[in-house]
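The values are calculated or read from the model by the stated rules, or taken from the named source; none is laboratory data. Source: prediction; values computed, not measured. Methodologically, a virtual Cβ is constructed for each residue, glycine included, from the backbone with ideal geometry; neighbour enumeration extends over all protein chains shown.
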């Protein structure tokens with residue numbers, strides 16, 4: 001089986017006087033790259049978030065947003081400092097008395113003074129928050145993993161189709177191999193006769209040289225290795241465990257290398273056309289492999 005590296009998850013938990021929102025966005029990356037943005041005063045939980053992700057995800061760019069708000073209005077609403085309020089009230093009364101207006105200041109005027117308000121220090125109950133943060137992270141991660149798995153199933157289907165096409169063209173190449181070798185041997189013999197121009201060559205030496213050149217032009221080893229790589233890729237995407245994207249990428253590079261070698265060893269039109277088709281499919285496999293965890 002294979003998993004993609006893209007996914008999205010979101011969760012919200014409300015408990016112990018806190019509202020916790022978690023959002024996770026997963027993208028492609030060569031290694032595991034985790035970025036955690038968490039509310040001020042809650043940085044102590046950043047390592048917890050990273051560990052939860054690292055336990056479930058091997059590769060990809062994970063952008064994690066954790067917002068923690070106090071749900072208790074009494075603990076987060078600005079309060080009036082009564083001592084400062086009394087002081088400013090006395091100042092207002094003094095100003096009104098000196099101006100001789102014959103009236104007292106209003107409470108509305110006092111409430112417009114910004115300095116009488118103070119934001120209470122929010123005490124963090126780490127034990128109460130840790131569990132809900134962990135639960136919200138796990139829920140969002142499960143959504144990410146589900147999306148990655150769903151996309152992985154689609155990728156696996158695409159891989160299977162392309163591998164089947166590769167196998168068909170490899171069969172074309174394999175069926176043409178003996179014909180190509182025989183044709184190459186015949187052309188080589190004719191070429192030698194022309195070059196010798198009627199002279200008598202050393203038959204044993206000549207046969208050795210011809211056999212050596214034919215062996216260099218033979219593509220049997222490349223056919224065998226190419227078939228083996230196709231089987232390994234098929235085994236990885238069809239296995240019970242998630243396939244390693246880096247191993248898949250390596251095998252696809254080997255597919256391309258063996259195919260290129262076959263193309264460089266022959267000018268047979270049927271094989272050349274099969275090689276072109278195979279390189280096209282391998283190029284698409286390589287693109288898809290960049291999305292696999």
Please go through the stretch 258-278 and give me each residue that is surrounded by fewer than 15 Cβ atoms within 10 Å (Cβ to Cβ) and closer than 17 Å to residue 224 by Cα, ordered by number. 264
Could you identify the single residue in 14, 69 that is out of contact with any strand residue (DSSP E or B) (no Cβ under 6 Å at 6 or more places or on another chain), modelled with pLDDT under 95 and assigned to a strand (DSSP E or B)? 14
Starting from residues that are in contact (Cβ under 8 Å) with a residue 60 or more places away in the chain and in a loop (DSSP other than H, G, I, E, B), keep the ones in the stretch 49-66 and report whichever is surrounded by the fewest Cβ atoms within 10 Å (Cβ to Cβ). 56
Answer with yes or no whether residue 281 is under 20 Å from residue 231 (Cα atoms) and under 22 Å from the mean Cα position of the chain (by Cα). yes
Quick one: what pairs do we get from the stretch 137-162, first residue over 21 Å from residue 248 (Cβ atoms), second part of a helix (DSSP H, G or I), C-beta under 6 Å, 6+ apart or different chains? 137/49; 137/52
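Residue by residue through the stretch 164-179, note down the ones that are buried (at least 18 other Cβ atoms within 10 Å of the Cβ) and within 22 Å of residue 284 (Cβ to Cβ). Write out each step before concluding.
Step one: of the stretch 164-179, the residues buried (at least 18 other Cβ atoms within 10 Å of the Cβ) are 166, 169-170, 173, 176-177.
Selection gives 166, 169, 170, 173.
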Subset of the stretch 35-48 (residues that are in contact with a strand residue (DSSP E or B) (Cβ under 7 Å, 6 or more places away or on another chain) and surrounded by fewer than 17 Cβ atoms within 10 Å (Cβ to Cβ)): 35, 37, 39, 46
